[in-house]
Every structure is written in structure tokens, then in C-alpha cells.
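Please treat every number below as a calculation from the coordinates, not as lab data. What you are looking at is a predicted structure, and each value in this text was computed from that prediction instead of being measured. Don't worry about glycine lacking a Cβ; one is built from the backbone with ideal geometry, like all the others, and counts go over all protein chains shown.
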Amino acid sequence: MCRKIIKMKSYRYTLFADYYQFYLQDEQADGDLSDSWTKEAADNLLAVAAGTIGVGTVRNMYVSVVVEVYDSEPEEDLSVWDHVMECGIDVPSGRIVIAGCTDYFPDAARIVIPQGSYRARIYYSVLSALGGDAMDGDDNYKVALWLGEGAGVKVIKKRSST
């Protein structure tokens, strides 16, 4: 008998991806990713630090982001996504801040979830459909969260060109 995976909550945002990134972080984390954006992290469009995930984008503009919270690891058709990464994030405060890296922290959106360690799977799509000025595009991003241990970064599906 298969157990049904339940999507508990879904949130939609339009975030300013200043410096080609946006963050998800525990409300109590310092959010410092300055040493985390290595060449490998930039190639993977994903940087992590304690309590913080930096999602790289292909545009330095507003991007569409969906965050979904599940009761267990979700199943997704990977063929519709250009790039898929996975990592862990500890959320001891029970509140995740989601924001562009230059957003004013006190005004940034919050997602309330049970305290604990989570896996995060980041889905990236329409990465190659940029206008000539690299400002216009239809790239979009989804983050799936579920309770789970392990902070390691894992490449699920690598984009064809970097």
C-alpha cells in the first residue's frame, strides 16, 4: 500500500533577485552566505550556510517563486524542470524568512512551519529563455520543504548549459 504525499501549504512570491539570488533562512540565522558562493555553488545555483539557503537565479530582476511544504518527500516529474538541487536547512525558530538578498529583513515574508530539520528541493525552470539584455525572461523557481535530516547538497538534475 502506497502512502499518499500531502502538500500541506503553498506560497507564491515575486522576489527581487538582486545579485542573482534570493534567500530562505531560519528567522534566527545570520543569513551570511558571503563565503558560501564558491564557483561550484554558483554553477549549481545553490549556496548554503547554517540555517540559510541561497538560491541562484539567471536574472537580476523580479522572479516568480513558489514554496511548498509537504508532510514527506514529494514526487515530481523532473522532465518539466531544467535544474533541480537539494539541501538541508535547520529551522529551530519555526519561521522561515524568504526574501531577496537586499530586501529589508523585518518586512520580508515569513513562513511558519514546525521547528526542525528540513530537506529542501529547489526546482528551476525556463532558465535559457532570457532576452538579449538578460533582464527579461520567464525563469521561475519552486522550493519544496519536508521534515528530514541531512544538510548535504545534492544535484538531482543538472542544467544542460552553465
* Asked: If we count every other residue with Cβ under 10 angstrom of VAL67's Cβ, Lys/Arg +1 and Asp/Glu -1, where does the sum land?
  -> +2
* Asked: Which one of ASP139, ASP35, ASP90 has the biggest mean-square fluctuation once the chain is modelled by GNM with Cα springs under 10 Å?
  -> ASP35
* Approximate spin-label separation THR38-GLU149, in nm, with each point projected 7 Å along Cα-to-Cβ -> 2.4 nm
* Asked: In the Gaussian network model of the chain, springs joining C-alpha atoms below 10 Å, which of ALA120, ALA108, ALA99 carries the largest mean-square fluctuation?
  -> ALA108
* Asked: For the chain, what is the per residue volume of the convex hull drawn over the alpha-carbon atoms, in cubic angstrom?
  -> 114 Å³
